[in-house]
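Colleague: Pasting in a structure now, in structure tokens, and then I'll have a few things to ask.
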Amino acid sequence: MFYGLSKFLKNILPKQLFYRGLLIVATPIIILQITISIVFFDSLWIKNNKGMTRALVNEIKTFVDAYKNDINNKEYIITLFRDHLQFDIKFKPNKILPEKKSERWFSPIDRSLRRELKSKSFNFWFDTTSYKKLIELKIEYKNGYFQFFIPRERLTNSSVRLFALWITLPAVLIVTIAIIFLKNQTRPIIKLAEASERFGRGEQIEEFRPSGALEIRKAGYEFDRMRKRIIRHLNQRSEMLSGISHDLRTPLTRIKLQLALIKDENISKKLSDNVDEMEKMLNEYLQFSRSSFSDKTEKFDISDLVNKTIENFEKNNIQCQILEKVMFNGRKNLIQRCFNNLIDNSLKYAKKVKITHEKNKNNLIFFIEDDGQGIPAEEYENVFKPFYKIDKGRGDAKSSVGLGLSIASDIIKSHGGYIELGKSEMGGLKVKISLPT
């Protein structure tokens with residue numbers, strides 16, 4: 001039961017820190033305002049309104065009784081009530097009361113006035129909305145009725161609006177100040193999250209300057225230190241691999257020269273093939289290690305990039321169905337290399353290749369399918385491992401070192417996306433690439 005309630009509350013509560021903080025600040029203020037308002041209206045305004053209405057109705061009752069009992073001074077009584085009680089009174093003989101309007105049950109003034117008039121057994125009609133400062137009241141008397149125009153202030157206290165103003169303005173001011181402070185406190189967290197996301201995708205970011213509260217600054221400083229350590233480690237790795245590459249090229253070149261002196265062509269050819277494969281493997285591994293940090297992020301048309309990549313193969317067996325002018329923010333050369341590796345891999349083992357494209361709210365999705373022999377489902381994860389080959393003989397025949405899919409996967413993941421393998425409707429392999437927009 002409590003788990004279900006907790007899950008329900010998590011679903012309806014805001015997800016962002018700013019709105020959660022605002023909710024924490026605003027909720028007590030709103031509850032306090034509602035409580036004060038209810039107490040005020042119940043204990044002060046409504047009771048005060050009832051007392052003023054009861055006094056007014058008693059004065060009207062006094063006037064009616066005096067008018068009924070005094071035969072000679074009726075006009076004097078009207079003048080007396082007008083001068084001292086601000087009643088504008090007229091007697092309308094031979095007229096009947098208008099039809100009663102629909103009751104305004106939500107109006108405390110109407111409810112109190114109706115209740116007090118009924119308690120005095122009056123047959124009445126009143127209107128509290130037609131005039132801004134007056135209330136019109138009609139009381140049936142003999143063959144006609146009395147028409148009263150009474151100041152509204154006799155029924156309600158004007159301090160209510162002033163109270164409502166003073167109780168609302170501080171609440172609005174406090175919430176506004178809270179919004180400003182919460183914005184300033186959450187902005188450093190947002191900047192830290194954005195910097196982490198960009199760095200996680202392999203983008204080069206400028207010097208990060210932590211700001212905000214002490215805890216947020218500490219997290220920012222630790223992130224910046226971690227970023228510098230990772231960059232230093234990557235630079236050291238690249239320099240080390242460059243040195244290894246340079247050192248290995250020299251003995252490989254000497255081996256090639258010595259192979260040229262061997263008279264047995266079969267032995268010479270076999271050794272030369274092995275040396276060529278070693279050299280290619282070395283170059284591929286060096287490119288693989290540098291793939292995530294070699295380019296700068298830019299905005300480009302990924303549809304145009306895919307079309308140009310297809311044109312480089314100069315083959316008619318590639319079918320392309322993608323949208324025109326699809327902009328993407330990433331490292332252009334790496335994305336081109338990813339598609340080049342995947343298309344080249346498909347062309348090695350298939351006759352036909354089809355490339356399609358979908359776009360939804362958050363992702364760009366590309367599908368590369370072929371009619372080749374495909375890959376067994378149990379090997380889907382293994383083929384993304386560096387230098388892994390399903391069929392050693394097949395890999396050697398095609399001059400592969402087993403890094404094509406590894407590099408493609410590394411590039412897509414460095415852009416915050418993912419790559420999946422599946423069974424194609426064409427009978428071969430289906431590669432699904434998803435990139436965040």
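Colleague: Taking the options Arg249, Arg237, name whichever one is within 30 Å of Leu435 (Cα to Cα), in contact (Cβ under 8 Å) with a residue 24 or more places away in the chain and out of contact with any strand residue (DSSP E or B) (no Cβ under 6 Å at 6 or more places or on another chain).
Modeller: On the way: Arg249 fails: within 30 Å of Leu435 (Cα to Cα).
Matching residue, one of Arg249, Arg237: Arg237.
Colleague: Right, here's the next one. Could you tell me how many of the residues in the range 331-348 are out of contact with any helix residue (DSSP H, G or I) (no Cβ under 8 Å at 6 or more places or on another chain) and not charged (D, E, K, R)?
Modeller: Of the residues in the range 331-348, 2 are out of contact with any helix residue (DSSP H, G or I) (no Cβ under 8 Å at 6 or more places or on another chain) and not charged (D, E, K, R).
Colleague: Mind listing whichever residues of the range 254-273 are surrounded by fewer than 12 Cβ atoms within 10 Å (Cβ to Cβ) and either of a type outside the set (D, E, K, R) or in contact with an Asp or Glu (Cβ under 8 Å, 6 or more places away or on another chain) (or both)?
Modeller: Leu257, Gln258, Ala260, Leu261, Asn266, Ile267
Colleague: Next question, about the same structure. Within the range 405-412, can one find any residue that is in the same structural domain as Ile302 (by TED's automatic domain parsing), at pLDDT 85 or above and farther than 19 Å from Phe300 by Cβ?
Modeller: Yes, some residue in the range 405-412 is in the same structural domain as Ile302 (by TED's automatic domain parsing), at pLDDT 85 or above and farther than 19 Å from Phe300 by Cβ.
Colleague: Taking the stated definitions as given, is Lys132 surrounded by fewer than 14 Cβ atoms within 10 Å (Cβ to Cβ), under 30 Å from Leu32 (Cβ atoms) and of a type in the set (Lys, Arg)? Don't jump to the end; show me each part of the working.
Modeller: On the way: surrounded by fewer than 14 Cβ atoms within 10 Å (Cβ to Cβ): yes; under 30 Å from Leu32 (Cβ atoms): no; of a type in the set (Lys, Arg): yes.
No: the conditions fail for Lys132.
Colleague: A further question follows. What residue, of Phe63, Phe40, is at pLDDT below 85, within 29 Å of Ser107 (Cβ to Cβ) and surrounded by 15 or more Cβ atoms within 10 Å (Cβ to Cβ)? So that I can check it myself, show each step before the final result.
Modeller: Details: Phe63 fails: at pLDDT below 85.
Checking each option against the conditions leaves just Phe40.
Colleague: Also: Do the conditions hold for Ile77, that is, is it surrounded by 14 or more Cβ atoms within 10 Å (Cβ to Cβ), of a type in the set (A, V, I, L, M, F, W, C) and in the same structural domain as Lys47 (by TED's automatic domain parsing)? Step through it out loud before you land on a result.
Modeller: Values: surrounded by 14 or more Cβ atoms within 10 Å (Cβ to Cβ): yes; of a type in the set (A, V, I, L, M, F, W, C): yes; in the same structural domain as Lys47 (by TED's automatic domain parsing): yes.
When the stated conditions are applied, Ile77 passes them.
Colleague: Now a separate question. Just for helices (runs of 4 or more DSSP H) wholly inside the range 1-116: which have at least 1 residues that are within 30 Å of Trp166 (Cα to Cα) and touching a strand residue (DSSP E or B) at 6+ places or on another chain (Cβ under 8 Å)?
Modeller: Details: elements: 2-12, 17-40, 46-69, 74-85.
Qualifying helices (runs of 4 or more DSSP H): 46-69.
Colleague: For the range 145-180: of the residues being of a type in the set (A, V, I, L, M) and more than 24 Å from Val39 (Cβ to Cβ), which is modelled with the highest pLDDT? Can you show your working first?
Modeller: First pass over the range 145-180, keeping only residues of a type in the set (A, V, I, L, M): 150, 155, 160, 162, 164-165, 167, 169, 171-175, 177-180.
From the residues that got through so far, the ones that are more than 24 Å from Val39 (Cβ to Cβ) too are 150, 177-180.
Working: Ile150: 91, Ile177: 88, Ala178: 85, Ile179: 87, Ile180: 87.
In this case the residue turns out to be Ile150.
Colleague: I need the full set of residues from the range 12-27 which are within 11 Å of Ile179 (Cα to Cα) and either in contact with a Cys (Cβ under 6 Å, 6 or more places away or on another chain) or touching a residue at least 12 places away in the same chain (Cβ under 8 Å) (or both), in order please.
Modeller: Phe18, Gly21, Leu22, Val25, Ala26, listed by residue number.
Colleague: Can we say Asn360 is at pLDDT below 85 and farther than 29 Å from Val275 by Cβ? Spell out how you get there, then give the answer.
Modeller: Details: at pLDDT below 85: yes; farther than 29 Å from Val275 by Cβ: yes.
Spelling it out, Asn360 is indeed at pLDDT below 85 and farther than 29 Å from Val275 by Cβ.
The values are calculated or read from the model by the stated rules, or taken from the named source; none is laboratory data. Just so it is clear, the model here is predicted, and its values are computed rather than measured. Cβ sites come from the backbone with ideal geometry, for glycine too, and all protein chains shown count toward neighbours.
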